[in-house]
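The values are calculated or read from the model by the stated rules, or taken from the named source; none is laboratory data. From a predicted model like this one, the values you see are computed outputs, not experimental measurements. Methodologically, a virtual Cβ is constructed for each residue, glycine included, from the backbone with ideal geometry; neighbour enumeration extends over all protein chains shown. What goes into the accessible areas is simple: the full protein's heavy atoms, side chains included, and nothing from ligands, DNA or RNA. Shrake-Rupley method; radii C 1.70, N 1.55, O 1.52, S 1.80 Å.
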Amino acid sequence: MNKKHPFVSSLYFLFMLIFIFFSMPGYAEETAEEEKPAKTRIEYHTLGDQVFGISAGLFIPLYFNNPNLSWSDSDAFTSTNLSLGGTGALYYGAFLNNNIQLGMEIGAMFAGSPNSHNFYMIPITFRGTYELQFKSNLFTVPLYIGAGINMTSYLESFNVEMILKPGAGFYWNFNSNWAFGTNVTYWWVPQIYPGEREFNRLGNFMDVSLSAVYHF
């Protein structure tokens, strides 16, 4: 009976150990990859989720711009002659997906004039919102723009104009239903008079408000 030389047996054993040693890292890596769960995107809102919001805050008159003059002209920008005022709004919207929301907002504002009369605006806008979500939806940052009509009233004067309201907010989601936060919104109100271009003006205002939003 032939016996293997001890040196041959030792060499064979050594090669087996080397093969097993270098195979272990690859096996461990494959096992780790198989056990590591794949990252999944969490959807906090789905199609049809609805929101109702109420806000109130400070109305800040900025300036009127005369579009007939160049920006370098000293008369191109003039004061609104309005005091700081108040503003409030009601909003209803619905999500199209996790981030995009469409809705409607009805607002109102008042501000005083130098002769102690109040100036009023009532904007009605359709609003589109893109919502950024942070810390597992604990905080959200809505970026939005609204477009619609704006009714203005001062003494016996009443006008209906166009309005654009871009803005952004920051919200803390108290629970799955309630969120509380603040908004900064720009009001751009073009006052256009066909046939009387010299009277055209672009109104610029803004508001800073606190809001409560209910999700259902």
Completion exercise
Rounded to the nearest 10 Å², the 1.4 Å probe accessible area of F216 is 110 Å²
Problem - Rounded D (µm²/s) - the range 46-91, Kirkwood Rh over Cα pairs, Stokes-Einstein at 4 °C, 1.567 mPa s - result: 93 µm²/s
Problem - Cβ-based net charge around P67, under 15 Å, with every Lys or Arg adding one and every Asp or Glu removing one - result: -3
Completion exercise
Reduced to Cα centres, the span from the range 147-174 to the range 58-90 in Å works out to 14 Å
